[in-house]
Amino acid sequence: MAEQSTYVPPQVWTPPASSGGTFASINRPVAGPTHEKELPVGQHPFQLYSLATPNGVKVTIMLEELLAAGHSGAEYDAWLIRINEGTQFSSGFVEVNPNSKIPALLDRSGDKPVRVFESGSILMHLAEKFGAFLPKDGAARAETLNWLFWQMGSAPFVGGGFGHFYAYAPEKFQYPIDRYAMETKRQLDVLDRQLAEHRYVAGDEYTIADMAIWPWYGGLVLGQLYDAAEFLSVHEYQHVKRWADEIAARPAVIRGRKVNRSFGPEQDQVHERHNARDLY
């Protein structure tokens, strides 16, 4: 039976003293910095400011894959941003990403530093810069970008929708959990049907589409997100599971998952990465 709501929206909304939930302390209705603090800068061409959430892992996987493919110019410093402490609201971080979300990248490889924010934008920037993991052929390129932007548009229903109400909200309510579980399973079925006919998401070639999608949907079917594998019956998505296992076994993916990780098993945590030795 559906819950009986006693909430009546006011004529004009005003923020509550506390919204409750896991991230209540950092939720606010305005943008901009809350404090003055510069970001650290290392010696490498790329400065990454991030945390090993699914969105953050996309970028560290890409950087590790580029290095593994021999692109030495992709060397990077990765700095930990503790979002639960509000580090993303520092003046330095806001200069790199005015939206105060990880990951944020500063490309210092040219004459003038270039800020790049939003994980999909970062993946495209790096792929185009190094000519890797994004096909040049028109049809293959379009298909890769189709799936990259599918992930960018779809995952908020998984994270901000299902993940929030299932794992992080202060109370459990059936309606939003049902609503977003249904959408999450629909998306998993979309992906399962695609992977039934292709080795990788966009075809026979491993691309930035796989790097973007795997941390979210691979994480779900591998039981790494929200402790929800049984709830979502992820065993039903056999093609996604086959693909997720293959991606998870890649050495660059194993390394990339560790970077900027401040939770989970201690042996998998590498808070900052400044050279390859940090990952061994």
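Which of the strands (runs of 3 or more DSSP E) found entirely inside segment 63-144 contain at least 3 residues meeting this: touching a residue at least 12 places away in the same chain (Cβ under 8 Å) and touching a Phe, Trp or Tyr at 6+ places or on another chain (Cβ under 8 Å)? I'd like the intermediate steps shown before the answer.
Working: elements: 76-80, 104-107, 114-117.
Strands (runs of 3 or more DSSP E) meeting the threshold: 76-80, 104-107.
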From H271, H239, residue being of a type outside the set (S, T, N, Q), surrounded by 13 or more Cβ atoms within 10 Å (Cβ to Cβ), modelled with pLDDT of 95 or more and in contact with a strand residue (DSSP E or B) (Cβ under 7 Å, 6 or more places away or on another chain): H271
For the subset of segment 264-274 comprising residues that are free of Cβ contacts under 8 Å to residues at least 40 places away in the same chain, part of a loop (DSSP other than H, G, I, E, B) and out of contact with any Ser or Thr (no Cβ under 7 Å at 6 or more places or on another chain), which member is nearest to K58 (Cα to Cα)? G264
Expected single match for touching a Phe, Trp or Tyr at 6+ places or on another chain (Cβ under 9 Å), surrounded by fewer than 16 Cβ atoms within 10 Å (Cβ to Cβ) and either aromatic (F, W, Y) or not assigned by TED's automatic domain parsing to the domain that holds G160 (or both) among F231, F263 is F231
The lone condition D77 fails out of (1) surrounded by fewer than 18 Cβ atoms within 10 Å (Cβ to Cβ); (2) among the charged types (D, E, K, R); (3) in contact with an Asp or Glu (Cβ under 9 Å, 6 or more places away or on another chain) is (1)
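Being among the acidic types (D, E) and modelled with pLDDT under 95, is that true of even one residue in segment 1-8? Even if it seems obvious, please write down each step before you answer.
Residues of segment 1-8 among the acidic types (D, E): 3.
Next cut, modelled with pLDDT under 95 only: 3.
So far as segment 1-8 goes, yes, one or more of its residues are among the acidic types (D, E) and modelled with pLDDT under 95.
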Tally of residues being of a type in the set (V, I, T), buried (at least 19 other Cβ atoms within 10 Å of the Cβ) and either in the same structural domain as Y76 (by TED's automatic domain parsing) or more than 16 Å from V201 (Cα to Cα) (or both) across segment 102-157: 3
So, of the residues in segment 9-56 that are part of a helix (DSSP H, G or I) and at pLDDT 85 or above, which turns out to be nearest to V259 (Cα to Cα)? G56
Kindly list the number of the only condition in (1) more than 25 Å from A127 (Cβ to Cβ); (2) in contact (Cβ under 8 Å) with a residue 60 or more places away in the chain; (3) over 17 Å from the mean Cα position of the chain (by Cα); (4) not in a helix (DSSP H, G or I) that fails for E230. (2)
Contacts under 7 angstrom Cβ, first residue in segment 7-35 being within 19 Å of I83 (Cβ to Cβ), partner part of a loop (DSSP other than H, G, I, E, B) and of a type in the set (S, T, Y), 6 or more apart: A24/S18; N27/S19; A31/S100
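Could you pull out the residue among R193, R255 that is within 19 Å of the chain's Cα centre (by Cα), of a type in the set (K, R), at pLDDT 95 or above and part of a helix (DSSP H, G or I)? Step through it out loud before you land on a result.
Numbers: R193 fails: within 19 Å of the chain's Cα centre (by Cα).
Testing whether each residue is within 19 Å of the chain's Cα centre (by Cα), of a type in the set (K, R), at pLDDT 95 or above and part of a helix (DSSP H, G or I) leaves just R255.
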Residues being farther than 14 Å from N260 by Cα, touching a Pro at 6+ places or on another chain (Cβ under 9 Å) and not small (G, A, S): count how many of those fall in segment 69-95. 5
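The values are calculated or read from the model by the stated rules, or taken from the named source; none is laboratory data. Treat the numbers as computed from the prediction; the structure is a model and nothing was measured. We place every Cβ from the backbone using ideal geometry, glycine too, and count neighbours over all the protein chains shown.
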